[in-house]
Structure formats: C-alpha cells, structure tokens
Amino acid sequence: MRAREILDEDYNQSLESDLNNLLIGVKGNGVTKIPTQKLVDKIQQSGYSVSVDSLMLLLRDNPIVVNVSQDFIELTAPESADLTDQTQDSAAQVSDMAQSATKIK
C-alpha cells in the first residue's frame, strides 16, 4: 500500500513539474494564450493520462496561469521588457568598467 502512495506521489510531482516546464517554455516564447486541448495533447504525448478537466484542476492554483477554461489557458505577461532594460544597464556597466580598466595611468 505504501509503495502505491509513493508511486502516485512521484507521478503527480513529475506531471506538475513537466507541466510547469511546458508553461514556462511557452511563456518564454512570448505566448500568453494557448488552447487547452493543445496542452492536454502535449502532456499526453509525454506519457501522462490527463483530460481537459483534470488539467484545469491542476492549473487553477498555478502562479503563472491567469485564467483557465475549457477552451484556453491564459498566462501572465512575459517579463521581457524588464529583462531588456536590465540587460542594457548591465551592458553599459560592463562597458564602463572595461574602459576604466584599460585606461593608461
């Protein structure tokens, strides 16, 4: 009995982990809305047994999911604008440090 509980727990953790990885990958590509059935199909291709209803239950408390319905899953907006500003600031800092380091005294 205990072995079954451990296997079920591992299965659920693996499913949630793989689901999060897919959602983060989609979000990283700038997509904020995906068809629910498409995600179900992708998870099923990975060997999990899920339905639209069970997926909706899994995603209802996910922090990157804004809304989940039978038709679509809406994700939070990508944070790429913030990353671009930080990257530009870092590049400017590195450039300034490099110029300071190469100045002849």
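When residues of region 35-76 are filtered for being of a type in the set (A, V, I, L, M), in contact with an Asp or Glu (Cβ under 8 Å, 6 or more places away or on another chain) and either under 15 Å from Asn21 (Cα atoms) or not in a strand (DSSP E or B) (or both), how many remain? Write out each step before concluding.
As a first pass, look at region 35-76 and keep what is of a type in the set (A, V, I, L, M): 39-40, 43, 50, 52, 55-59, 64-66, 68, 73, 75.
The next check asks that each one be in contact with an Asp or Glu (Cβ under 8 Å, 6 or more places away or on another chain); those that pass are 43, 58, 65-66, 68.
Checking which are either under 15 Å from Asn21 (Cα atoms) or not in a strand (DSSP E or B) (or both) leaves us with 43, 58, 65.
Residues in region 35-76 being of a type in the set (A, V, I, L, M), in contact with an Asp or Glu (Cβ under 8 Å, 6 or more places away or on another chain) and either under 15 Å from Asn21 (Cα atoms) or not in a strand (DSSP E or B) (or both): 3 in total.
Residues of region 28-50 that are exposed (fewer than 15 other Cβ atoms within 10 Å of the Cβ), touching a residue at least 24 places away in the same chain (Cβ under 8 Å) and under 15 Å from Ser14 (Cα atoms): Ser46 alone.
Bear in mind that the values in this text are calculations on the coordinates, not laboratory data. Not measured: the values here are computed from a predicted model. Don't worry about glycine lacking a Cβ; one is built from the backbone with ideal geometry, like all the others, and counts go over all protein chains shown.
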